1. Can you pull out the helices (runs of 4 or more DSSP H) entirely within the range 117-179 that have at least 3 residues that are more than 12 Å from Asn364 (Cβ to Cβ) and of a type outside the set (Phe, Trp, Tyr)?
2. Taking the stated definitions as given, is Leu48 under 23 Å from Asp146 (Cα atoms), in the same structural domain as Phe25 (by TED's automatic domain parsing) and in contact with a helix residue (DSSP H, G or I) (Cβ under 9 Å, 6 or more places away or on another chain)?
3. Which one of the conditions (1) surrounded by 21 or more Cβ atoms within 10 Å (Cβ to Cβ); (2) farther than 27 Å from Pro361 by Cβ; (3) not acidic (Asp, Glu) does Ile284 fail to meet, given that it meets all the rest?
4. Based on this model, can you work out whether Leu305 counts as of a type outside the set (Val, Ile, Thr), surrounded by fewer than 21 Cβ atoms within 10 Å (Cβ to Cβ), farther than 20 Å from Arg183 by Cβ and at pLDDT below 90?
5. Examine the range 141-156 for a residue that is among the hydroxyl-bearing types (Ser, Thr, Tyr) and in contact with a strand residue (DSSP E or B) (Cβ under 8 Å, 6 or more places away or on another chain), and state whether such a residue exists.
6. Is it the case that the range 23-36 has a residue that's at pLDDT below 95, assigned to a helix (DSSP H, G or I) and assigned by TED's automatic domain parsing to the domain that holds Gly125?
7. Show me the strands (runs of 3 or more DSSP E) entirely contained within the range 274-371 in which 1 or more residues are without any contact (Cβ under 8 Å) to a residue 12 or more places away in the chain.
Amino acid sequence: MAFEEFGSLLSEICSHSPLAADRPFYWTIIANPRAGGFTIKARWKKHLSQLTEYAGKAAKNPAGKICGPSETARNQGGPGAERGLLFTKAPGHAKEITNALIDEASKAVGSGEKRPLHLIIAAGGDGTSLEVMTSLSCLGEKQREDFVVLRLPMGTANDGADSFDLGEALNLIVEPPALQKQRAVQLKTASGKGPFFAFNILSIGLDAFVTHMTNKMKDKLPGDSYKLWVDVAALLYDKIYKVGLMDVHSFDEQGNEIKTLEEKLLLIAVGESGRRCYGSQQWILPDERNVCAIKQMPLYKKLALKGLLASGKHADRDEAILWNAVRVEFQSQYPLLAQMDGEAVLLEGNDFPAVIELTEPLINILGKRDRRSWV
């Protein structure tokens with residue numbers, strides 16, 4: 001019943017959106033039924049109230065002349081499909097659905113007709129959003145113009161969502177802002193492993209270990225266990241992974257080298273922009289700077305610094321180095337983990353040197369830039 005109401009109300013909101021008043025408009029809702037926004041009763045009760053409220057607001061707009069759920073959604077069938085709602089069944093399924101939508105859009109070229117605009121609503125956690133965005137990032141520039149993405153906060157952490165509050169996210173459909181194009185953060189390795197993409201934060205080191213352990217144990221420790229693993233990592237990370245010297249070179253848009261580090265580093269985090277968080281709103285990038293490196297330090301300092309991450313106050317500590325860059329090259333003395341919006345991979349000797357860099361602006365989104373204003 002929760003899913004039926006979700007699909008019905010969200011479809012009603014989309015049908016009255018002025019997002020694509022001058023071209024055919026289709027939507028697809030890719031939902032992870034295991035996401036906390038559906039399964040945690042208190043959250044779902046709040047979400048249902050917000051959906052009902054914004055369906056009422058949307059009804060004041062005229063319905064679109066040519067709009068409806070995508071053909072991909074309607075053809076796949078299942079509960080809610082006629083309203084554009086599709087459920088993911090396993091990791092990788094959101095990517096499969098997005099690829100099917102890409103095929104649908106590629107066939108919609110008629111002589112003299114305007115190409116349809118497809119709204120993809122990712123209604124799950126950061127993993128669901130990552131799969132959607134990664135598939136779209138592989139398209140050519142012209143094809144990408146057929147799509148716009150809205151990432152709803154239906155997961156546990158929602159650090160990559162386009163708003164932390166569902167009501168504010170729904171309002172982006174009812175009163176769409178000017179579309180923005182989001183970059184990706186890309187990781188390339190010397191071995192050819194990858195490339196890997198993130199659309200919020202890509203990082204290496206201690207926090208990637210936290211991500212890895214959270215994912216590994218999520219079935220045994222349901223809910224938001226990220227903060228538990230932050231505590232464990234502060235105690236054990238450098239007992240499990242050696243923290244050696246890292247050689248880091250970073251560059252600006254013009255290719256000028258702007259900062260060099262040769263330090264023992266616990267982590268490096270690179271955001272698509274500044275003012276970004278991860279791990280259930282840990283503000284690792286609290287201001288306009290999009291790169292943060294944290295030096296190795298004694299245990300008592302780790303414990304003190306850990307408590308400052310939620311507010312971003314670590315930026316004032318000597319152990320934290322923040323700056324802006326579009327490209328960060330690094331060489332690590334020892335293997336370490338990398339994480340891309342909550343998905344982890346191990347980097348070993350032949351993967352170095354590795355590069356983290358920002359791509360050109362790629363994907364139309366309905367999000368807002370000043371993420372710190374959300375809290």
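1. On the way: elements: 126-137, 141-144, 166-174.
Output list reads 126-137, 166-174.
2. No: the conditions fail for Leu48.
3. Here Ile284 clears every test but (2).
4. Working: of a type outside the set (Val, Ile, Thr): yes; surrounded by fewer than 21 Cβ atoms within 10 Å (Cβ to Cβ): yes; farther than 20 Å from Arg183 by Cβ: yes; at pLDDT below 90: yes.
Taking the combined requirement at face value, the residue satisfies it.
5. Residues of the range 141-156 among the hydroxyl-bearing types (Ser, Thr, Tyr): 156.
Then keep just the ones that are in contact with a strand residue (DSSP E or B) (Cβ under 8 Å, 6 or more places away or on another chain); that gives none.
Scanning the range 141-156 turns up no residue that is among the hydroxyl-bearing types (Ser, Thr, Tyr) and in contact with a strand residue (DSSP E or B) (Cβ under 8 Å, 6 or more places away or on another chain).
6. yes
7. Values: elements: 276-278, 282-285, 291-295, 320-323, 327-332, 336-340, 343-347, 354-358, 363-365.
So the answer is 343-347.
Residues checked against (1) more than 28 Å from Pro18 (Cβ to Cβ); (2) assigned to a helix (DSSP H, G or I); (3) of a type in the set (Phe, Trp, Tyr):
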| site | (1), (2), (3) |
| --- | --- |
| Ser49 | no, yes, no |
| Thr52 | no, yes, no |
| Lys60 | no, no, no |
| Ala63 | no, no, no |
| Arg74 | no, yes, no |
| Gly78 | yes, no, no |
| Leu101 | no, yes, no |
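The values are calculated or read from the model by the stated rules, or taken from the named source; none is laboratory data. The model shown is predicted, which means the values in this text are computed figures rather than measured ones. Here Cβ is always computed from backbone atoms with ideal geometry, including for glycine, and neighbour counts include all displayed protein chains.
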